[in-house]
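Accompanying notes for the structure given below.
The values are calculated or read from the model by the stated rules, or taken from the named source; none is laboratory data. Given the structure is predicted, the values throughout are model-derived calculations rather than measurements. Cβ coordinates were reconstructed from backbone atoms using ideal geometry, including for glycine residues, and neighbour counts include every protein chain displayed. Protein only, heavy atoms only, side chains kept; ligands, DNA and RNA dropped before computing areas. Shrake-Rupley method; radii C 1.70, N 1.55, O 1.52, S 1.80 Å.
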Amino acid sequence: MKRLFRRLHDHIYVSAGLYRLADGFTTFAAVHTAFLIFTSLQGVFINTLFMRLTGNSQLVMYYNIITNCVAGPMMIASSLIARRTSSTFSMRTGILFHICMYITFFLSLHHLETAMPLIAALAGLGNGCYYFSYSYILNAFSTDESRDLAASIIGVLAGIVSLTVPALSGLVIAQFEGLTGYTVMFGVSLGMAIITILVSSKLAPVVPEDRQSHLSSLLRVIREGKLYKLILLGDFIKCTREGVCGFLFNVLLFEAITNEAIVGLNTLLAGVASILGAFIYGRLIGSKNRILSIGASSTILLLCASLLFIQLSPLTIILYSTLNAALGPFLMNPGFSICYQHVLGSEKSRQAMAEFIGVRECFIGLGRICGIIFTMLMPASTSGYVTTIVLLTAAQYLMMLLFRYVQNHHAREMAEAGAA
């Protein structure tokens, strides 16, 4: 039996391409999967909870704005912490902030509207610490040629989590009246967060090569380097849409059918689609066709979003949400790879990668905030929401042009450096 499991492990290791990634990637993937399990409930159902409490989406949008306002600056702070300690320490700090968020939830169960800013701030602090470490470790365990594969594997695991956890959570919540179901599932998430910290202790510390902060030198490089500014602008534009789509589909669905089980079903279907999309992305997309990936996915999503003008119903919301999840890797991942291809390929910025992750996340958070504010300024109607999705999707063509410019000029710089 032991030999059988060993052969199965070896087969998966080779067929999945894990041999192309550094040792320790599987442990990192396990920690990240555990993190996704306990945060998926908060990410999906905190929005429906505030909808149930207030009957409108305004509180949901304010919650997401606060979370993103805090997460970006915390990324930069985490880069400084990682220089003094390790990125794995920053990761565990992020998990602890999430544990504090769950404790705050239980302590303010009957005053959640009042406690919303504190809950959102703790979630932002946790996301800032954790996702800085996630980005840094993912880059440390992969190269430019294997980075799309690493993102694909993480995408498949994320899809599996979103396939199961929200759907089961939605069924449990729907069985109870009031906030009882939410209390049960948030308690389960708190227990899972504690387990995640224990699992993360098996991850070897990933420490930057030197302890000195390079934030000031990085800001000077960004100010003087055109490509760095274009990369950050591209990430900003990309996340104006991503920040809205992260919660808008579930909010629209909950407004149409006030049932957490249906929201869970929508997330389940999106999970299936994201697994399939991430798997195909890992097989098809590499350094040579990343721009094509952005352009094709943007076109399909824009055309299908335009069809929502004809009818916006629970069925069409679920169908578009599923399509959005399937094409998400093709739209989102190429920019990530192009960004770090340039940062790690340049001597000026390679040593400041930890700080660059923090600065980049500030622009990502700013993009999400602007996308949410734009949504709030649009009419709170069917046509208003659809127009928002269409305009933010159309903006992705500008993101594609920016990243194409960066990729072409980076290739030219590398060729000139090689010739010299």
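Counting only C-alpha contacts under 8 Å and six or more residues apart, can you give the relative contact order of the chain as a whole percent?
Taking the mean separation of contacting Cα pairs over the length of the chain, I get 26 percent.
Suppose each label sits 7 Å from its Cα in the direction of the beta carbon; what would the Ser216-Phe106 distance come out to in nanometres?
Result for the modelled spin labels: 4.5 nm.
Can you give the accessible area of Ile81 in Å² (nearest 10), computed on protein heavy atoms with a 1.4 Å probe?
Here the residue's solvent-accessible area equals roughly 50 Å².
If I compute solvent accessible area with a 1.4 Å probe over the protein chains, what percent of it on the chain is carbon and sulfur?
Roughly 67 percent, rounded to a whole number.
Which residue, Gly282, Gly328, Gly225, tops the fluctuation ranking in a GNM of the chain built on C-alpha contacts under 10 Å?
Its mean-square fluctuation being the largest, the pick is Gly225.
I'd like the Karplus ³J(HN,Hα) series for the range 382-392: coefficients 6.51, -1.76, 1.60, θ = phi - 60°, whole numbers in Hz, and an x wherever there's a Gly or Pro.
Couplings: 4, 5, x, 5, 5, 4, 4, 4, 5, 5, 5 Hz.
Using a 1.4 Å probe and counting only protein heavy atoms, arrange Lys229, Lys238 so the residue with the most accessible area comes first.
Lys229, Lys238
How large is the accessible surface per residue of the range 34-84, computed with a 1.4 Å probe and reported in Å² as a whole number?
Heavy-atom accessible area per residue stands at 31 Å².
Once phi is turned into θ = phi - 60°, what whole-Hz ³J(HN,Hα) does the Karplus curve with 6.51, -1.76 and 1.60 give for every residue of the range 307-312, x standing for Gly and Pro?
5, 5, 4, 5, 7, 10
So what's the angle, to the nearest 10 degrees on a 0 to 90 scale, between helix 353-377 and the longest Cα principal axis of the chain?
40 degrees
Considering the options Met75, Tyr182, Phe105, tell which one lies farthest towards the positive end of the dipole of the chain, charges being +1 on Lys and Arg and -1 on Asp and Glu at the Cβ, about the Cα centre.
Met75
At Ser287 and Arg84, where each label point lies 7 Å from the Cα along Cα→Cβ, what is the point-to-point distance in nanometres?
According to this spin-label approximation, the distance is 3.7 nm.
In the full protein assembly as shown, how much of Thr382 is accessible to a 1.4 Å probe, in Å² to the nearest 10?
80 Å²
Calculate the dipole size of the chain relative to its Cα centre from +1 charges on Lys and Arg beta carbons and -1 charges on Asp and Glu beta carbons; express the result in debye to the nearest 20.
Computed about the Cα centre, the dipole is about 780 debye.
Can you sort Cys100, Cys239 by 1.4 Å-probe accessible area, starting with the largest?
Largest accessible area first, the residues go Cys100, Cys239.
Using a probe radius of 1.4 Å on heavy atoms only, what accessible surface per residue do you get for the range 173-315? Whole Å² is fine.
47 Å²
By how many degrees, 0 to 90 and rounded to 10, does the Cα axis of helix 226-256 deviate from the longest principal axis of the chain?
Approximately 20 degrees, to the nearest 10.
Taking K and R as +1 and D and E as -1, what net charge do the other residues with C-beta under 15 Å from the C-beta of Ala394 add up to?
Surrounding charge for Ala394 is +1.
Taking θ as phi - 60°, what are the ³J(HN,Hα) couplings along the range 148-157 by the Karplus curve (6.51, -1.76, 1.60), each to the nearest whole Hz, with x for Gly and Pro?
5, 5, 4, 5, 5, 5, 4, x, 5, 5
Using only Cα atoms, find the angle between the long axis of helix 25-54 and the longest principal axis of the chain, and express it within 0 to 90 degrees, rounded to the nearest 10.
Computed tilt is about 30 degrees.
Order His98, His111, most accessible first, counting only protein heavy atoms with a 1.4 angstrom probe.
Largest accessible area first, the list is His111, His98.
Which distance in nm do the two modelled labels at Leu198 and Thr164 give, with both placed 7 Å along the Cα-to-Cβ direction?
Output for this residue pair reads 1.8 nm.
How high is the relative contact order of the range 55-179, in percent, counting Cα pairs under 8 Å that sit 6 or more residues apart?
31 percent
Please report the Cα spread of the range 316-420 along all three principal axes, rounded to whole Å, starting with the longest.
On the principal axes, the range 316-420 reaches 58, 24, 20 Å in Cα extent.
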